[in-house]
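No value in this document is a laboratory result; all are computed from the given coordinates. Fair warning: this is a prediction, and the values are worked out from it, not measured in the lab. Neighbour counts are summed over all protein chains in view; Cβ atoms, including those assigned to glycine, are modelled from backbone coordinates with ideal geometry.
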Amino acid sequence: MTLKQMRQRMYVDGWCLIEDVIPPAEIGAVRDSVLRTVDAYKHTRRNAPANIGAVSGMIVYDQSFAPYLAEPRLLGLAESLLGPDLRISYNTSIVNYPGNERSTWHADWPFNQHNAGHIRAPYPDAVCHLTTLWMLTDFTGENGGTLIVSGSHRSADNPTGGAEVPPVEPYPTEVCVTGRAGSVAVCDSRLWHAAGANRSNAARVGLAVRYAPWWLNLEVLRPGSPDRQRILDANPGLTENEVPAVPRDVFERLPDAVRPLFQHWVAA
C-alpha cells in the first residue's frame with residue numbers, strides 16, 4: 001500500500017498491515033532472540049496475564065528488533081498521523097503460549113479506563129497514540145491472531161469504560177488480524193481489540209510497540225516519577241503500566257535512526 005492508502009485505512013478502519021518490516025531472512029534470528037529474552041526476564045513483569053510471556057521495556061534486555069523500529073514505511077505512516085519528533089512510549093513482548101485463552105475487549109493506554117493514567121471518555125476524534133503489533137511468527141486464527149473491531153476507534157468510549165460490550169464474547173463484526181512473520185499491524189490505540197485463543201501447539205510470538213507524539217505526557221509510565229505517583233494516588237484501586245529506563249550504554253548501541261525514539265527515556 002502507498003502512504004495515502006495506509007492513512008485511509010487508519011482513518012476508516014483504525015488499523016492497517018505493513019508486510020516484511022522485518023525481512024524474511026532476518027525474522028528467525030529476531031524471534032529466537034526474543035524467546036530467549038522472555039525466558040530469562042519474564043519474571044520481571046508484575047501482574048502479567050497468565051500464559052503470556054510479557055517483558056516490559058524489551059529494548060533494555062534485547063536489541064535484536066531495534067533496527068526495524070524506524071523502518072521507513074512504518075515511521076512514515078506514524079509521522080503522517082502523529083507529526084514529527086515521535087517517541088516510543090512502550091515496548092513489550094507478547095508471547096501467547098498454547099492454551100492461552102481469549103482475552104477481554106479493550107483499548108490501549110491512554111484510553112484504557114482500567115489504567116490510572118487515562119484520557120477520560122468521551123474521547124476526542126483524533127489520532128493521539130499508535131499501537132504496533134509485531135508478528136515474529138505467523139499470526140493465524142488458530143494460534144491466537146489479534147481480534148479487532150474495525151472502525152471502533154471512532155467510538156467515544158470502549159469496553160473498559162462505558163461501552164456496554166460483554167468483555168469476552170465475540171463481537172458481531174470482529175476480525176482476526178492475520179499475517180506472516182515479519183509483518184506489523186499498526187493500530188490507532190483507541191481500537192477495540194483482544195488476544196485470540198491459542199488453539200495450536202506452538203507459541204504465537206510477537207511484540208507490542210507504541211508510538212506517541214511529542215506532546216503526550218509519558219511520565220505516568222516512568223518508575224518513580226512525581227506524575228506517576230500523583231496519578232496513582234488520585235485513582236486508588238487502579239494500576240499503571242511501568243516502563244523501565246533505558247541504560248545509557250544500551251541507548252548508545254541503538255541505530256542512529258532509532259535513538260531519537262528513546263532519547264526521552266534514557267536513565268539519568
Nothing charged except the Cβ atoms of Lys and Arg (+1) and of Asp and Glu (-1): what's the magnitude of the dipole of the chain about its Cα centre? Round to the nearest 20 debye. 160 debye
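Below 13 angstrom from the Cβ of Ala194, what's the summed charge of the other residues (Lys, Arg +1; Asp, Glu -1)?
On the way: positive: Arg102; negative: Glu101, Asp108, Glu169, Glu174.
Computed value for this residue: -3.
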Length-normalised contact order for the chain - Cα pairs under 8 Å, 6+ apart - percent: 28 percent
Say the dipole of segment 60-176 comes from +1 at the beta carbon of Lys and Arg and -1 at that of Asp and Glu; which of Pro124, Gly141, Tyr68 then lies farthest toward its positive end? Pro124
Once the piece of chain linking Asp256 and Glu26 is laid out straight, how much longer is it, given 0.36 nm per residue of separation minus the C-alpha distance between them? 80.8 nm
First measure r as the distance between the Cβ atoms of Glu101 and Glu240, then evaluate 1/(1 + (r/R0)^6) with R0 = 22 Å and state the FRET efficiency to the nearest 0.05. 0.35
Among the Cα-Cα pairs of segment 1-49, the proportion with separation greater than 19 Å, in percent, is 56 percent
For Ser152, Ser225, what's the fewest-to-most ordering of other Cβ within 10 Å of each Cβ? Ser225, Ser152
According to the Cα gyration tensor, what semi-axes, each the square root of 5 times an eigenvalue, does the equivalent ellipsoid of segment 71-229 have, listed from largest to smallest in whole Å? 25, 19, 16
Ranked list, fewest to most other Cβ atoms within 10 Å of each Cβ, for His129, His264: His264, His129
Got a sec? How would Met135, Met6 order by Cβ neighbour count within 10 Å, fewest to most? Met6, Met135
Could you check the spin-label model distance between Ala50 and Glu79? Points 7 Å from the Cα along Cα→Cβ, value in nm. 4.6 nm
As a test of understanding, state the convex hull volume per residue of the chain from its alpha carbons, in Å³. 125 Å³
Would you report the distance distribution of C-alpha pairs in segment 150-268 as whole percents per 5 angstrom bin, up to the bin with the largest distance? 2, 7, 13, 15, 18, 17, 15, 10, 4, 0
Determine the calculated [θ] at 222 nm for the chain from helices alone, applying -39500 (n - 2.57) to every DSSP H run no shorter than 4 residues and normalising by the residue count; nearest 500 deg cm²/dmol. -6500 deg cm²/dmol
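What FRET efficiency do you get for Glu19 and Thr173 if R0 is 30 Å and r is their Cβ-Cβ distance, rounded to the nearest 0.05?
0.80
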So how far apart, in nm, are the two label points at Arg230 and Trp215 if each is 7 Å from Cα heading toward Cβ? 1.9 nm
